[in-house]
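Trainee: Got a structure for you, written out below as structure tokens; questions coming shortly.
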Ligand SMILES: C[S@@+](CC[C@H](N)C(=O)[O-])C[C@H]1O[C@@H](n2cnc3c(N)ncnc32)[C@H](O)[C@@H]1O
């Protein structure tokens, strides 16, 4: 399968600052580390870390999961070069060889089957999540990798849930920290998917939601697996994570029911973005709205004034050169990685 994005698209998101933000997210590491501890049957088995980044999940798969071999696959060469440094900072010398780095898009690595590439894999560990879970579209290569193996490997995390709730707020569409007092109504489940079995199409659902405020807030939960109830919640009530929540502003108070649809929208530069589309029921005086979560654009459609859009034009790096990791960036990443594996 051809990768659906380029290195250029990945660099628009995954720069040194983003990797630092991810490595600062203690809730994230505690969740992945504790999930691994809940699966002692994986001891000595083979794993793939899809989108390994700096290699933190690969290190935890060896340290907490006691996996025998971890294939760390990362597309960006400048990030791949950090992985041995992170392994050196987090693992004992005898464990470092348990992680093998494959630099490339996972789609291409699966096609090329490089030397040492496994025919059987018991675990896929991956932190592939964007805003409201599905932003950035990394779930596509993730499920492609899962389906390349027979039997399918166990997925960590195993379950994904996406929620919305009516909410008051201001500011443009996109990531926001929402306080409890802004919330109205109750949380509404938009999607519940078992990543061990779902198809890509299963994730992009349509459902009915109740409005009742000047916007919606969206977030996601991850659950370790069906058997283990451990959850990483990114809800407004949970401990802060680097994802925060996602604010979807209407620009006015709206009430009643609406159809909510999730879909992935390609971008000319950057990763595919999650589009949340709200359509009022037939006969309702509301206009429809599309929220594009990466650019922060809100499009209104179906009213007397036709289509209009607000927000957008997020600043993007346009150069197609490797991001530069300065020694101070690397020192910070290594110290955060050490703390992350100790903190489980
Ligand atoms: C959300 S980050 C997670 C990084 C790391 N696993 C962590 O937890 O800190 C996703 C990583 O996947 C990489 N990536 C995205 N799509 C990929 C693909 N198709 N193949 C390989 N790597 C990919 C990105 O470059 C990025 O480093």
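Computed from the coordinates by the stated procedures, all read-outs in this text should not be read as laboratory data. All values derive from a computational prediction rather than experimental measurement. Every residue, glycine as well, gets a Cβ built from its backbone with ideal geometry; the counts of neighbours run over all protein chains shown.
Trainee: Please give the per residue volume of the convex hull enclosing the alpha carbon atoms of the range 1-153, rounded to a whole number of Å³.
Mentor: Considering the Cα atoms of the range 1-153, their hull volume per residue is 112 Å³.
Trainee: Using 16 Å as the cut-off for backbone N distance, which residues of the range 220-253 belong to the label zone defined by a point 7 Å from the Cα of residue 37 along Cα→Cβ?
Mentor: Counting backbone N atoms under 16 Å from the label point, the list is 224-225, 228-232.
Trainee: Test of understanding: in a Gaussian network model of the chain with alpha carbons linked when under 10 Å, which of 26, 218, 51 would top the mean-square fluctuation ranking?
Mentor: 26
Trainee: Taking the alpha-carbon centroid of each part, what is the distance from the range 23-66 to the range 102-127 in angstrom?
Mentor: Using only Cα atoms, the two centres lie 17 Å from each other.
Trainee: If you stretched the chain out fully between residue 24 and residue 189, how much longer would it get, using 0.36 nm times the residue separation minus the C-alpha to C-alpha distance?
Mentor: Numbers: separation 165, 0.36 × 165 = 59.40 nm, distance 2.83 nm.
Result for the pair: 56.6 nm of gain on full extension.
Trainee: Further question on the same structure: Mind checking the angle between helix 327-342 and the chain's longest principal axis? C-alpha axes, 0 to 90 degrees, to the nearest 10.
Mentor: Taking the Cα atoms of the chain, the angle to 327-342 is about 90 degrees.
Trainee: Compute the FRET efficiency between residue 119 and residue 269 as 1/(1 + (r/R0)^6), taking r as their Cβ-Cβ distance and R0 = 45 Å, and round to the nearest 0.05.
Mentor: 0.75
Trainee: What's the exposure ranking of 88, 94, 136, going from fewest to most Cβ atoms within 10 Å?
Mentor: Final ranking by Cβ density, sparse to dense: 94, 88, 136.
Trainee: Could I have the simple spin-label model distance between residue 331 and residue 170, label points 7 Å from Cα toward Cβ, reported in nm to one decimal?
Mentor: Each label point lies 7 Å from its Cα, and together they span 4.2 nm.
Trainee: Over the chain, what is the relative contact order in whole percent, taking alpha-carbon pairs under 8 Å and six or more residues apart?
Mentor: Details: 761 pairs, mean separation 70.1, N = 344.
For the chain, the relative contact order is 20 percent.
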